[in-house]
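Engineer: Would you mind keeping the following structure in view while I ask a few things?
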Amino acid sequence: MTTNANLTARQRFVRAANCQPVDRPPMWLMRQAGRALPEYRKLKETYTFVQLCQNPELAVEVTLQPVRRFGFDAAILFSDILVIPEALGQKYHFKETGGVQMDFAVTSKADIEKLSVERVVERLSYVDQALRMLRKELGDETALLGFTGSPWTLATFMMEGASVPKYGRALQLFREDPKTYCALAEKLTAAVTAYLQMQIMTGIDALQIFDSHGGHLAAGEFQEASGRWTRDIISALRTPHSAVPIIQFSLGTHGNWPDLIASGANVIGIDWQTDLAEARKIIPSHIAMQGNLSPTLIAEATPEVVARETRAVLETMRGRAGHIFNLGHGLTPGAKLENIQALVDTVKNFK
């Protein structure tokens, strides 16, 4: 029998995601693989971002880099939420100046009708291959996470056609022509559900649904534009054969606690703008919490400050079964390796 004192990283993560006792909170960081690591930047001298995502061997290598360097409890597949639009027929690439560019913007009913759900899983077979390879590499030692974007967040990118300062087209469509917005959201919900079912079959330990643009919605709009679709996805994944924990991370939407709690997610990700102590009071004890150190600290503070603020997050959650340590959003390109190490050391030594 395994005791809390000799848990593997994988056991620690799965237990925490199910609100079971652990020796210390497990940890991983959003965007832990990629831009902050010199070994990743070296690969980027040869390969584009899309090439790294679509080549299973390369995706595996990039996924494992931060685990090798820092010993995180979980590895999250190196990929992008925009693989779904691409599989639907809307290709993307990353601009030299930064940001994403879709080959075309979805701006009409005709564009929505052209999107094809039928071959999404087939077109994303490279993800299936990468996850199966990762499961073998990580074995029983380290947890493996899959992920996707929420239908709402995907719609915002698809309708703009590029990274823009303000995402307004999807919001305008939702407000002025909700029937057409629903047609797009229904296709995205079907595609995301099929994609996540595929990921579950590879042996992953948890899934995260990123609703990074959820905060663009007014409180009264969140459920219809975003929450209901995520809830439908989670409900569809709840089969007798799947107990994979699902993490819902919705940025800037902490005014919608009832909708988030009712989503069916096992874990709610808490962004850095949210008061963690208040969230702890609101979120029921059977739902785990993930977060929520500010990513700005990792880029701008000293290791001493990072260690202090990491301890503050840990102390806020002390005694709460079901805390997964993470940032309140993703690592930035300017993240300092010594600050990541200070965070890791502080969490690992927390008693």
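Engineer: If exposed GluC sites (Glu not before Pro) are those in a DSSP loop with at most 10 other Cβ within 10 Å, what is the longest stretch of the chain that has none?
Structural biologist: Longest gap between qualifying sites, sites excluded: 97-351.
Engineer: Report, by chain and number, residues whose modeled amide H sits under 5 Å from the one on F147, excluding near sequence neighbours (fewer than 5 apart, same chain).
Structural biologist: Correct list: Q208.
Engineer: Related question: Return the distance in nm (one decimal) between the two label points of a simple spin-label model at E300 and E221, each offset 7 Å from Cα along Cα→Cβ.
Structural biologist: 2.9 nm
Engineer: OK, next. Provide the percentage of antiparallel DSSP beta bridges, counting only those with both residues in the chain; round to the nearest 5.
Structural biologist: The antiparallel fraction comes to roughly 15 percent.
Engineer: Here's another thing I want to ask about it. Using only Cα atoms and rounding to the nearest 10 degrees, what angle (0 to 90) does helix 303-316 make with the longest principal axis of the chain?
Structural biologist: 90 degrees
Engineer: Let me ask something else. Give me the mean projected area, in nm² to one decimal, of the convex hull enclosing the Cα positions of region 9-150.
Structural biologist: 10.1 nm²
Engineer: Could you work out the equivalent-ellipsoid semi-axes for region 79-269, taking the square root of 5 times each eigenvalue of the Cα gyration tensor, largest first, in whole Å?
Structural biologist: Value: 26, 20, 15 Å, ordered largest first.
Engineer: Still on this structure: When the C-alpha atoms of the chain are aligned to their principal axes, what extent does each axis show, in angstrom, from largest down?
Structural biologist: 57, 46, 43
Engineer: Then there's this: Only sites in a loop by DSSP and with at most 16 other Cβ atoms within 10 Å count here; which chymotrypsin sites (Phe, Trp or Tyr not before Pro) in region 4-92 make the cut?
Structural biologist: Y47
Engineer: At most 14 other Cβ atoms within 10 Å and a DSSP loop assignment: could you name the trypsin sites (Lys or Arg not before Pro) in region 145-213 that fit?
Structural biologist: K166
Engineer: Against the longest alpha carbon principal axis of the chain, how many degrees, from 0 to 90 and to the nearest 10, is the axis of helix 337-348 turned?
Structural biologist: 60 degrees
Engineer: Only bridges whose two residues both fall in region 79-269 count here: according to DSSP, what percent of them are antiparallel, nearest 5?
Structural biologist: Bridges in region 79-269 are about 25 percent antiparallel.
Engineer: State the Kirkwood hydrodynamic radius of region 91-200 in Å, one decimal place, computed from all pairs of distinct Cα atoms.
Structural biologist: 15.6 Å
Engineer: How much FRET efficiency would the formula 1/(1 + (r/R0)^6) give for A312 and S108, where r is the Cβ-Cβ distance and R0 is 41 Å, rounded to 0.05? Present the calculation step by step, with values, prior to reporting the outcome.
Structural biologist: Details: r = 49 Å, r/R0 = 1.20.
FRET efficiency, A312 to S108: 0.25.
Engineer: Which aspartates and glutamates does K91 reach when only Cα atoms under 12 Å apart count, and residues fewer than 8 places away in its own chain are ignored?
Structural biologist: K91 reaches D103.
Engineer: For the Cα atoms of the chain, what angle does the longest principal axis make with the long axis of helix 151-160, in degrees from 0 to 90, nearest 10?
Structural biologist: So the helix axis and the longest Cα principal axis differ by about 50 degrees.
Engineer: Working from the alpha-carbon coordinates of region 202-314, get Rg over Rh, Rh being the Kirkwood radius.
Structural biologist: Using only Cα positions, Rg/Rh for region 202-314 is 1.01.
The numbers here are math on the coordinates, done by the rules we state, and not lab data. Values in this document were obtained by computation on a predicted structure and should not be read as measured data. Note: ideal-geometry Cβ built from the backbone for every residue, glycine included; neighbour counts use all protein chains shown.
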